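A.B. asks: Handing you a structure now.
The values are calculated or read from the model by the stated rules, or taken from the named source; none is laboratory data. Here the structure is a predicted model, which means the values were calculated and not measured. FYI the Cβ positions are ideal-geometry reconstructions off the backbone, even for glycines, and counts take in every protein chain you see.
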Amino acid sequence: MTHNCEKQQMKCYCGHDCSRCVTYLATQTDDDSLRERSQRFYKERFGKDIPLEKFNCNGGRTDEIFELCKDCPFRKCCIQKGISSCGSCPEYPCAALKEYREKYVNKCNRI
């Protein structure tokens, strides 16, 4: 059984569940077919042409995160404020997070 601290480790600062992310799972299982699936997703959905070798991530709370997540404003904000997640912020939900969550959090590139 997964403990709460382990469950928290699997959540990005914004609320994405890493354990269901195709890029994360591709890294954890070293599965190039999942990397290709994720690559297609970003190409088709966002027009991003990202090389396959860039599809590696050990989770949003680690130093080895997917290239597009490195500049995540929510990650940066939480780290700067010294809080564990956006949900811990006194300004939660800020306008930017509210819009992002409605469009993306746990809604795309998932298994």
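A.B. asks: Please give the helices (runs of 4 or more DSSP H) falling wholly within the range 25-111 in which 2 or more residues are touching a strand residue (DSSP E or B) at 6+ places or on another chain (Cβ under 7 Å).
C.D. replies: Ranges flagged: none.
A.B. asks: Just checking, how many residues over the range 79-101 are among the aliphatic types (A, V, I, L, M) and within 15 Å of Gly60 (Cα to Cα)?
C.D. replies: Looking only at that region, the number is 2.
A.B. asks: If you don't mind, another one. Can you name the residue in the range 36-58 that is touching a residue at least 60 places away in the same chain (Cβ under 8 Å) and buried (at least 16 other Cβ atoms within 10 Å of the Cβ) and, of all such residues, is nearest to Arg20 (Cα to Cα)?
C.D. replies: Looking at the filtered set, the residue picked out is Ser38.
A.B. asks: Could I ask something else about it? Does Arg61 satisfy the criteria of being buried (at least 18 other Cβ atoms within 10 Å of the Cβ), of a type outside the set (S, T, N, Q) and modelled with pLDDT under 95?
C.D. replies: Spelling it out, Arg61 is indeed buried (at least 18 other Cβ atoms within 10 Å of the Cβ), of a type outside the set (S, T, N, Q) and modelled with pLDDT under 95.
A.B. asks: Same structure again: Return only the number of the condition from (1) of a type in the set (A, V, I, L, M, F, W, C); (2) modelled with pLDDT of 95 or more; (3) part of a loop (DSSP other than H, G, I, E, B) that Met1 does not satisfy.
C.D. replies: With respect to (1) of a type in the set (A, V, I, L, M, F, W, C); (2) modelled with pLDDT of 95 or more; (3) part of a loop (DSSP other than H, G, I, E, B), Met1 is out only on (2).
A.B. asks: All but one of (1) surrounded by fewer than 17 Cβ atoms within 10 Å (Cβ to Cβ); (2) of a type outside the set (Lys, Arg); (3) under 14 Å from the mean Cα position of the chain (by Cα) hold for Ser33, so report the exception by its number.
C.D. replies: If we test Ser33 against (1) surrounded by fewer than 17 Cβ atoms within 10 Å (Cβ to Cβ); (2) of a type outside the set (Lys, Arg); (3) under 14 Å from the mean Cα position of the chain (by Cα), just (3) comes out false.
A.B. asks: A follow-up question, please. So which of Cys72, Cys77, Cys86 ends up being hydrophobic (A, V, I, L, M, F, W, C), farther than 13 Å from Gly15 by Cβ and surrounded by 15 or more Cβ atoms within 10 Å (Cβ to Cβ)?
C.D. replies: After applying the criteria, what remains is Cys77.
A.B. asks: Considering every residue within the range 73-84, establish whether at least one is among the polar types (S, T, N, Q) and closer than 21 Å to Ser33 by Cα.
C.D. replies: Narrowing the range 73-84 to residues among the polar types (S, T, N, Q): 80, 84.
This time we only want the ones that are closer than 21 Å to Ser33 by Cα, so: none.
Looking through the range 73-84, none of the residues is among the polar types (S, T, N, Q) and closer than 21 Å to Ser33 by Cα.
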